[in-house]
1. Collect residues whose amide H, placed 1.01 Å from N in the peptide plane, falls under 5 Å from the amide H of residue 275; neighbours closer than 5 in sequence don't count.
2. Output the relative contact order of segment 271-310, whole-number percent, from Cα pairs under 8 angstrom with separation of 6+ residues.
3. Sort out for me the Cα centre separation of segment 178-193 from segment 308-326, rounded to whole Å.
4. In square angstrom, what is the accessible area per residue of the chain with a 1.4 angstrom probe?
5. Kyte-Doolittle mean at least -1.0 and Cα extent at least 27 Å along the axis: which DSSP H helices of the chain qualify?
6. What residues have an amide H closer than 5 Å to that of residue 313, excluding those fewer than 5 places away on the same chain, when H is modeled at 1.01 Å from N in the peptide plane?
7. What distance in nm lies between label points placed 7 Å from Cα along the C-beta direction at residue 270 and residue 199?
8. Quick one: grab the alpha carbon gyration tensor of the chain, order the square roots of its eigenvalues as a ≥ b ≥ c, and give me rounded if a/c is under 1.5, else prolate or oblate depending on whether a/b is larger than b/c.
Amino acid sequence: MDSLTQIVLGAAVGEAVLGKKVGNKAMLYGAIAGTIPDLDTIVGEFLDPLTAIEIHRGISHSIVFSLLMAPILGWIVAKIHRKEIATWQNWSWLFFWGLVTHPLLDAHTTWGTQLFWPFDLRLAYQNIFVIDPLYTVPFLFFLILALRLPKTSEKRRKWNRLGLIVSTSYMVLTLLLKWISFGKFEQALADQNIQYAELDTRPAAFNTILWYANIDAGDKYLLADYSFFDTQPITFREVPKNHNLLGELAASKTVKRLAKIAENWYAIEVRNGDFYFNDLRFGTYDLEAKDLKFVFSYKLIPNSNGALKIQEAERDPEAMKEVLTGLWSRIWGN
């Protein structure tokens, strides 16, 4: 999820764990704990683009990381605030929950997390977009109400608890919406007698009313969307896989690593003689566009030694404005 959401979650968890003893310091250090796992993006700045993608939401988003870092951070903070009645164990407990709830929340997004690192397993439930105002804004509202009250106030704990309950309830609702939309796509495929191997769904940006689907249909993918306000049948758009276009390049380590990252949901495209690796998990900017542009697309560039390096395709800020306008319109149905 976005940084603001993780800060709010961390602060609320910190308050729930230690707010009664240390007041606003619990929210502060909870917010810091909720931010720490995403520092892997800073590490990625010093690595090649492909490795940076691979480590994102890796070890720093694991239970192992939370278990190792919590006592260290707890000891440091306990030394800083020696006059507080909170013990080293209290601070460690706060940091553990602040750290571990970050990947637990991220596991609900499309990218997912390696919660059980070092095991090669990425959890991605794909039931919420990385920025969802309906999750974050009410949560933040209740946190601010709690923040304004003294640490001994029972109402402070009530507001904080309510924020956690409302946000968690919304998360449960998104799982229900995903299940319903999944059924809609399944029914549409059955109604149109479309044979397929796998169906993958995720919410559109900033909401859980509009949902997208990727369907593996042999040598091609089918892409579709569905809004709960739709009145017309679901239609499917074909995207050829074109994996064969790579030829010998398909055996390169770079392509294999990218395919693993994309969980094999990828299509190859040729533009101006160059190969592009399109990661389908995050969809297109506009499913109705004549020429589809994928959110994550990587140019494959051969090195002098025959290996491949990647370069992420540039995004057009002006085009994004049109995409957001179209998204808002599409949410309200076809």
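The values are calculated or read from the model by the stated rules, or taken from the named source; none is laboratory data. Computed from a predicted structure; not experimentally measured. Note that we place each Cβ from the backbone using ideal geometry, even for glycine, and neighbour counts take in every protein chain shown. We work out accessible area using only protein heavy atoms, side chains counted, and drop any ligands, DNA or RNA first. Shrake-Rupley method; radii C 1.70, N 1.55, O 1.52, S 1.80 Å.
1. 300
2. Value for segment 271-310: 37 percent.
3. Each part's Cα centre sits 30 Å from the other's.
4. Details: 17420 Å² over 334 residues.
Normalised by residue count, the accessible surface of the chain is 52 Å².
5. Membrane-span-like by this criterion, though nothing is claimed about a membrane: 88-106, 154-191.
6. Close amide H contacts, sequence-distant or interchain: 297, 298, 299.
7. The answer from the label model is 3.4 nm.
8. Oblate shape, in that a/c is at least 1.5 and b/c is the bigger or equal ratio.
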